[in-house]
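Scroll down for the structure; my scribbles are underneath it.
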Amino acid sequence: MFRPALPILFMLVTGIVALAQTKTLLSPYNRTRALIVSIGPESRVDIRSSSGVLLRQKDFTSGDRSHGETVAHAQWTADGRFLVFTTGSSGGHQPWHVATYFYSIGRNRFYSIDSIVGAIVSDFALHGNVVSTTRLGVDLDDRKPVTLSLNRWR
């Protein structure tokens, strides 16, 4: 008698869990929002307009759920022109590496800070549109402070 309700209950619970695993970050002035979608131990970043239209997506998932990345820290700049975020390996590979990315509203594009300055080894701090972090030098004990102005990618 209750069997037909089981598939409906399963879909309802699954939907609630999926919603609980999505973190929404509203940009200042609510013009744009970033959704950090957790898919198992990995993540996807969706950038949406204020009306909900998907503008850009960056998928960090892998087929086996152990070779992708998971978003650890994400933050909009104060003017809302850039979203900066870090990821870590879902499989525990290179635990010293803190891959760091940013999204430019003006260019509607994601960029890798690692590709610009070298392998990032620490979390970031934002000062206006300037990212402060640390990159790898010649070895794991050699760390170099880095500041990067994002205004070039407006």
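All of the numbers you see were taken from the coordinates with simple rules; none came from a lab. In this text the structure is predicted, and so the values were computed from the model without any measurement. Ideal geometry is used to build each Cβ from the backbone, glycine not excepted, and the neighbour counts take in all protein chains shown.
Here are the numbers:
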| quantity | calculated |
| --- | --- |
| Helix 5-20 vs. the chain, principal-axis angle (Cα, 0 to 90°, nearest 10) | 20 degrees |
| Computed [θ] at 222 nm, deg cm²/dmol, the chain (DSSP H ≥ 4; -39,500 (n - 2.57); rounded to nearest 500) | -4000 deg cm²/dmol |
| Peptides 98-110, 130-142, 60-72 ordered by average Cβ neighbours within 10 Å, highest first | 98-110, 60-72, 130-142 |
| Shape of the chain, Cα gyration tensor, a/c cut at 1.5 | oblate |
| Among 112-119, 79-86, the order from most to least packed when residues are scored by Cβ within 10 Å on average | 79-86, 112-119 |
| Unit charges on C-beta of K, R, D, E only; dipole of the chain, Debye | 700 debye |
